[in-house]
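Data first, discussion second: the structure below is written as structure tokens.
The values are calculated or read from the model by the stated rules, or taken from the named source; none is laboratory data. None of the values given here were measured: they were computed from a predicted structure. Note that we place each Cβ from the backbone using ideal geometry, even for glycine, and neighbour counts take in every protein chain shown.
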Amino acid sequence: MVVRPTRAEQSAVARDQFERFARRVSPSLLRTACLLSGDRGHAEDLLQATLWRTARHWEEIRHAPDAYAHKVLVNLSRDRRRELGRRPSEVRAIDVRPEVDPDRTERLLERDAMTHAVRQLPQAQREVLVLRFFLDLSVAQTAAVLGVSQGTVKSHTSRALARMRELLAERPENTHDLPSEVPHAE
């Protein structure tokens with residue numbers, strides 16, 4: 001006689017698996033969402049929606065949840081960008097607290113310059129850079145997440161890096177180094 005777990009037991013196991021997954025990937029997904037959206041609050045909303053959609057489809061995707069969650073996050077980011085294009089733009093509040101650590105200030109300025117430059121890229125190029133260099137996905141993995149060809153990923157990467165070099169070169173205190181060639185990792 002084969003003893004099969006009850007539906008409640010299966011549900012509890014699936015819930016535990018999802019919760020472990022969510023704890024593991026949430027920090028990375030949040031950072032990715034911040035880079036895609038440019039706003040911490042919107043990034044948190046994107047993360048929550050991504051986890052909710054992933055949980056809804058957990059039974060079908062539990063064997064490869066990372067790829068599914070990244071695809072959902074990118075799609076939600078695209079939806080948000082389209083929605084924002086239909087409304088008046090928001091004005092960001094300026095943080096005027098003085099910074100006392102000069103090293104931290106320099107890091108913040110560099111991060112701000114990179115973030116500002118990334119925000120000026122077209123959405124498709126931004127997505128490719130975030131997935132390729134922030135999440136360290138291969139060309140093939142990036143193509144799968146975005147639903148495009150590997151050649152498209154490579155051309156977007158090349159164009160995005162060239163544009164980033166231009167944008168960062170316009171800054172007089174430029175100390176940023178971007179790869180001069182696109183890595184051909186597969």
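Some points to look at:
- Inter-residue pairs, beta-carbon under 6 Å, first closer than 17 Å to L131 by Cα and in region 57-74, second of a type in the set (K, R) and assigned to a helix (DSSP H, G or I), 6+ apart: V72/R53
- Members of region 113-126 found to be touching a residue at least 40 places away in the same chain (Cβ under 8 Å), assigned to a helix (DSSP H, G or I) and under 15 Å from the mean Cα position of the chain (by Cα), listed by number: M114, T115, V118, R119, Q123, R126
To keep it simple, each residue is scored yes or no on (1) within 22 Å of Q120 (Cβ to Cβ); (2) aliphatic (A, V, I, L, M); (3) in contact with a Ser or Thr (Cβ under 9 Å, 6 or more places away or on another chain).
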site	(1), (2), (3)
R40	yes, no, no
L51	no, yes, yes
H57	no, no, no
A64	no, yes, no
H70	no, no, yes
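- Consider region 127-145 and keep the residues that are of a type outside the set (A, V, I, L, M), part of a helix (DSSP H, G or I) and surrounded by fewer than 21 Cβ atoms within 10 Å (Cβ to Cβ). The one that is modelled with the lowest pLDDT is F134.
- Here T54 passes the criteria (1) more than 20 Å from V148 (Cβ to Cβ); (2) surrounded by fewer than 19 Cβ atoms within 10 Å (Cβ to Cβ) except the one numbered (2).
- Yes/no for S26 being of a type outside the set (D, E) and under 20 Å from D112 (Cα atoms): no
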